[in-house]
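In what follows, a single structure is set out as structure tokens and then discussed.
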Amino acid sequence: MGIMDRVRGELVDIIEWLEDDRSTMAWRFPRYNNEIKNGAELIVREGQEALFVYRGQLADRYGPGNYRLVSENMPVMSTLQGWPHGFKSPFRSEVYFINTRPITDLRWGTANPITIRDQDFGMVQVRANGLCIVRVVDSPTFLRQVIGTDSNVDSDEIAELLRRTITTAFSEMLIETGVGAIDLQARQRELAAKLQEYVQSKINQPYGLACEAIELNISLPDEITQAMTRGVARGVEAKGYYGNIGDMNRFQQGRAADAMLGAATNEGGGGAGDFLGAGMGMAMGQQFAQNFQNQATPQQQAPPPLPNAQAFHVEQNGQSAGPFPIEQLRTMNLTPQTLVWSPTLSGWTPAGQVPALSSLFGQTPPPLPPRS
């Protein structure tokens, strides 16, 4: 820089940041040799904060407003430089403008899936992404930990830091809450609020940032999504408020059936595949129809005989039928001459001669005693 540039720089007595990009988080005011004219005007607009740094030490801070840079308005700088009252010479200082407005376009996502332990599906890998809204709330900390000596800090420079922080917080939150895979998507709003608290605790004191909101979109593996869909379609019994798949055997059978159907209907399978596909389709169709019929109209079945109840074989058209319990024999219109057999009889015996079956036939009264 030439002598004219230096003179021109010393004559500039207005320090301001006319930002036109919301993604810029910090900007250092350019001055030749960092010299600022005594009595210069400082303009700090809404959504900004100005920090003066002298030889690596944070000096005075200014919020929104219009200031005259004289010793009376710069108490920290006056102390650091040992100014006499009413000094005339220019002074050296770095001036950083901090953008304190929310940064709303920070996207994040898990670079690798997060593995969680699920009571229904075992080990499940989930992914998440969304938007994060952050804002600088502690300018000195942000200056020390993030800006350093950079002349310009863009939101892209902290995006990677935030992605790593959010991913770590998301993993810790899932482990601590123990939410199952099936419940994750149904409780995304609740989990987003909890994730915001986790992230806030990790970026506030270390970096001077505040997490004001997080948008959370959770993605489950296709196999889990399909299992959830099949669970509803096939009537798998749900448990709990949001539902847990309780019949894993049916889920596994469904997976196996889908795989066999997929192999059977493969276009490159040839005649054998077509034959297998047709057979499997008919068999599964019959099975599904039978299951549906059983669920819709349960069959009425006769109860089994009571334990130790006596049963008899019955001769019908020259053939042995049974054994039948006595209660069922009542409906078979037996005659006293019908032959019956049971392990307690020595052979086939007319039913009318078996005491246990006497109740099946009308009783003939004995003859009257003779009159005297």
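The values are calculated or read from the model by the stated rules, or taken from the named source; none is laboratory data. Here the structure is a predicted model, which means the values were calculated and not measured. So basically every Cβ, Gly included, is an ideal-geometry build from the backbone, and we count neighbours across all protein chains shown. Please note that ligands, DNA and RNA were not included when accessible areas were found on the heavy atoms of the full protein model with its side chains. Shrake-Rupley method; radii C 1.70, N 1.55, O 1.52, S 1.80 Å.
5 Å is the cut-off here: which amide hydrogens, built 1.01 Å from N in the peptide plane, fall below it relative to residue 40, excluding neighbours closer than 5 in sequence?
Hits under the 5 Å cutoff: 69.
At a probe size of 1.4 Å, how large is the accessible area of residue 330, to the nearest 10 Å²?
110
Roughly how many debye, to the nearest 20, is the charge dipole of region 103-224 about its Cα centre, given +1 on each Lys and Arg Cβ, -1 on each Asp and Glu Cβ, and no other charges? List each step's numbers first, then the result.
Details: 11 positive and 18 negative charges, 39 e Å.
That gives region 103-224 a dipole magnitude of about 180 debye.
If you count only protein heavy atoms with a 1.4 Å probe, what accessible area per residue comes out for region 103-224, rounded to a whole Å²?
Details: 5960 Å² over 122 residues.
Here the residues of region 103-224 average 49 Å² of exposed surface.
Which sequence of 67, 96, 198 reflects their accessible areas, 1.4 Å probe, from the largest down?
Numbers: 67 60, 96 5, 198 40 Å².
Putting 67, 96, 198 in descending order of accessible area: 67, 198, 96.
Please say if region 311-357 is rounded, prolate or oblate, where rounded means a/c under 1.5 for a ≥ b ≥ c the square roots of the C-alpha gyration tensor eigenvalues, and otherwise the choice is prolate for a/b larger than b/c and oblate otherwise?
Because its axes are fairly even, with a/c under 1.5, region 311-357 counts as rounded.
At a 1.4 Å probe radius, carbon and sulfur cover how many percent of the accessible area of region 10-99? Mind dumping the intermediate values first?
Numbers: 2180 of 4600 Å².
Solvent-exposed carbon and sulfur of region 10-99 make up 47 percent of the total.
Under 5 Å between amide H atoms, partner at least 5 residues away or on a different chain: which partners does residue 212 have, H built in plane at 1.01 Å?
When sequence neighbours closer than 5 places are left aside, the close amide H contacts are 133, 134, 135.
Give the accessible area for residue 177 in Å² (nearest 10); use a 1.4 Å probe, count only protein heavy atoms, and leave out ligands, DNA and RNA.
Spelled out: residue 177, probe radius 1.4 Å, area about 50 Å².
Return the long-range amide H neighbours of residue 104 (sequence gap of 5 or more, or a different chain), with a cut-off of under 5 Å between placed amide H atoms.
Under 5 Å from the amide H of residue 104 lies no amide H from a residue far enough along the sequence or on another chain.
So how much accessible area does residue 222 have, in Å² to the nearest 10, using a 1.4 Å probe?
For residue 222, solvent-accessible area is about 110 Å².
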